[in-house]
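The values are calculated or read from the model by the stated rules, or taken from the named source; none is laboratory data. Since the structure is predicted, the reported quantities are computational estimates derived from the model, not experimental observations. Ligands, DNA and RNA are excluded from the accessible area calculation, which covers all protein heavy atoms including side chains. Shrake-Rupley method; radii C 1.70, N 1.55, O 1.52, S 1.80 Å.
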Amino acid sequence: NMKYRVFDTIANCYVTDEEAWILKPDGRLAVNEDGDEIGYPHCVAEFSTGLLDMDGDEIFENDFIVVGEKILLVHWNNETFGWQASTIYTEFNEYKDIDLRQIAAEVAEHYKMTIKIIGNTRENQNIRGLLKECIRLKVF
C-alpha cells in the first residue's frame with residue numbers, strides 16, 4: 001500500500017486524504033459518486049519514499065532535504081524506477097542526481113551525517129528564502 005500526501009493547488013495547502021478518494025494508476029485523484037468518477041485535477045498526490053529524516057519525519061516526493069552541506073530535492077526518476085535527490089545547493093556547486101537509497105546508506109555509514117527535511121516545493125517555492133533560512137538556522 002503506497003503512502004501519499006495530497007496538495008490542493010486551489011487552496012494552496014496540504015489536505016487530509018478523503019475516505020472516498022480513489023488514487024488512479026496515473027497518480028491522479030478521483031472520487032466515485034453513484035458509479036460516476038469525478039476527478040480532482042487541482043489535487044496532487046505526492047508519494048512517500050519510505051525513508052525517515054533524523055527527526056523521524058517521513059520523506060515525500062518534492063521535499064527539500066539537507067545532507068551534509070547539500071540541499072537536495074527528492075523526486076521519482078522514471079528512467080531508473082527509483083527515488084532520486086537532485087542537488088539544489090552545494091558549497092562546491094556539484095549539481096547532479098543521486099539515488100536516494102544510496103544517500104540513506106551513506107548517512108547510516110557515517111555517523112556524523114544526517115538527513116533533515118527543510119521544506120518542500122509546494123510550501124517553499126522561494127529557494128533563496130529557503131537558503132537564507134538554512135544559513136540562519138546554521139543547518140550547514
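Tabulated data for the structure shown
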{"quantity": "Extension gain, I22 back to W76 (0.36 nm per residue minus Cα-Cα distance, nm)", "calculated": "17.4 nm"}
{"quantity": "J(HN,Hα) series, the range 58-64, from Karplus relation 6.51 cos²θ - 1.76 cosθ + 1.60, nearest Hz, glycine and proline x", "calculated": "6, 8, 10, 3, 6, 7, 8"}
{"quantity": "Accessible area of the range 1-73 divided out per residue, in Å², using a probe of 1.4 angstrom", "calculated": "59 Å²"}
{"quantity": "Placed amide H near G119: partners under 5 Å, 5+ positions off or other chain", "calculated": "F64"}
{"quantity": "For I88, distant residues with modelled amide H under 5 Å away", "calculated": "I71, L72, L73"}
